[in-house]
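Notes follow the structure.
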Amino acid sequence: MLRPGANRRWLLRGAACVAAAIVAGLLTRDWRIGVTIGGAVLVGLIVHTARRQSEVPQWRKPSAARRRTEAQLKVMQRFGYRVLHARRIQDGNGQIDHFIVGRRGAFAIDSETWDKRLPLRNKLEKLYHGRFSKNERIDEALAEARNAERLISAELGREIKVRASLAIYGPSMPWDSHRLRGVDIITGTKVRKWLRSGKDRLTPEEIDEIYAAAEKVLPARY
């Protein structure tokens, strides 16, 4: 409520809920149904707004895939996972959309929306989206994770592993996650499940150390 423009947004939501409640009540001639419909409209508006919120201002409009992954990672933060968004590689190319470290290890996730009308196929260690090869994009994600791994290891003075992945929204996939060319290809809605599949076992102290090192050597992109 203290954010700029919040009062206006809540007034508009309230007006929409009241209007929906009145219309539903008049049509059904039951005020209880009207109140229920009004409440449902309010919940729907709140959920819709929450899904559009992001810590990275540049993601609030154009990048639905990144926002959807970010929303899943907010849940994981309640279980001790530490998260950095939109991080660039200091002496390399590309950007890591999400860097995560938790008790199951360190992870780099890039989030993308691909055309849902085109199927995904794995053929001889090559990923095709329709007839288009996505191997170059997979190799980019792997290079970003390896660069992050190298920089963080140098900062800590010991070797760590960063697991590379692409979270894909849009096309249906025959798997929740599939490892290809060193990168996990994840169904976008299954990011939380994939994070829990990590085989590392990090202590809270190790998590804090890796997070602090990543925050230092992977500066914010925006």
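The values are calculated or read from the model by the stated rules, or taken from the named source; none is laboratory data. Quick caveat, the model's predicted, so the values are computed rather than measured. In this analysis, Cβ positions are derived from the backbone assuming ideal geometry, glycine residues included, and neighbour counts consider all displayed protein chains. Areas reflect the complete protein model, heavy atoms only, side chains present, ligands, DNA and RNA absent. Shrake-Rupley method; radii C 1.70, N 1.55, O 1.52, S 1.80 Å.
The C-beta contact set for the stretch 85-105 (first residue modelled with pLDDT under 90 and open to solvent by less than 30 Å² (accessible area, probe 1.4 Å), second residue assigned to a loop (DSSP other than H, G, I, E, B) and among the acidic types (Asp, Glu), distance under 7 angstrom, 6+ apart or interchain) is empty. Of all residues in the stretch 185-194, those being surrounded by 15 or more Cβ atoms within 10 Å (Cβ to Cβ) and out of contact with any helix residue (DSSP H, G or I) (no Cβ under 7 Å at 6 or more places or on another chain) number 4.
Just so you know, in the stretch 36-70 the residues that are at pLDDT below 75, assigned to a helix (DSSP H, G or I) and more than 26 Å from residue 81 (Cβ to Cβ) include one that is most open to solvent (accessible area, probe 1.4 Å), and it is 43. Condition test on residue 205, is it farther than 17 Å from residue 82 by Cβ and surrounded by fewer than 20 Cβ atoms within 10 Å (Cβ to Cβ)? It is false that residue 205 is farther than 17 Å from residue 82 by Cβ and surrounded by fewer than 20 Cβ atoms within 10 Å (Cβ to Cβ). Of the residues making up the stretch 179-195, those that are part of a strand (DSSP E or B) and more than 17 Å from residue 129 (Cβ to Cβ) number 1. Only residues that are more than 18 Å from residue 125 (Cβ to Cβ), in a loop (DSSP other than H, G, I, E, B) and over 18 Å from the mean Cα position of the chain (by Cα) were counted across the stretch 136-178, and they come to 5.
A quick yes/no check of all residues on (1) surrounded by fewer than 20 Cβ atoms within 10 Å (Cβ to Cβ); (2) within 15 Å of residue 111 (Cα to Cα):
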position: 148; (1), (2): no, no
position: 151; (1), (2): no, no
position: 166; (1), (2): no, yes
position: 171; (1), (2): yes, yes
position: 183; (1), (2): no, yes
position: 196; (1), (2): yes, no
position: 209; (1), (2): yes, no
position: 215; (1), (2): yes, no
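So, residue 33, is that one at pLDDT 70 or above, loosely packed, with under 15 Cβ neighbours inside 10 Å and in a helix (DSSP H, G or I) or not? For residue 33, the condition - at pLDDT 70 or above, loosely packed, with under 15 Cβ neighbours inside 10 Å and in a helix (DSSP H, G or I) - is met. Please tell me if residue 111 is under 17 Å from residue 213 (Cα atoms), among the hydroxyl-bearing types (Ser, Thr, Tyr) and either surrounded by 14 or more Cβ atoms within 10 Å (Cβ to Cβ) or touching a Gly at 6+ places or on another chain (Cβ under 7 Å) (or both). Judged against the criteria, residue 111 is not a match. In this structure, residue 141 qualifies as buried (at least 18 other Cβ atoms within 10 Å of the Cβ) and either more than 15 Å from residue 110 (Cα to Cα) or free of Cβ contacts under 8 Å to residues at least 60 places away in the same chain (or both). One residue stands out in the stretch 88-126 among those that are in a strand (DSSP E or B) and basic (Lys, Arg): the one that is nearest to the chain's Cα centre (by Cα), namely 88.
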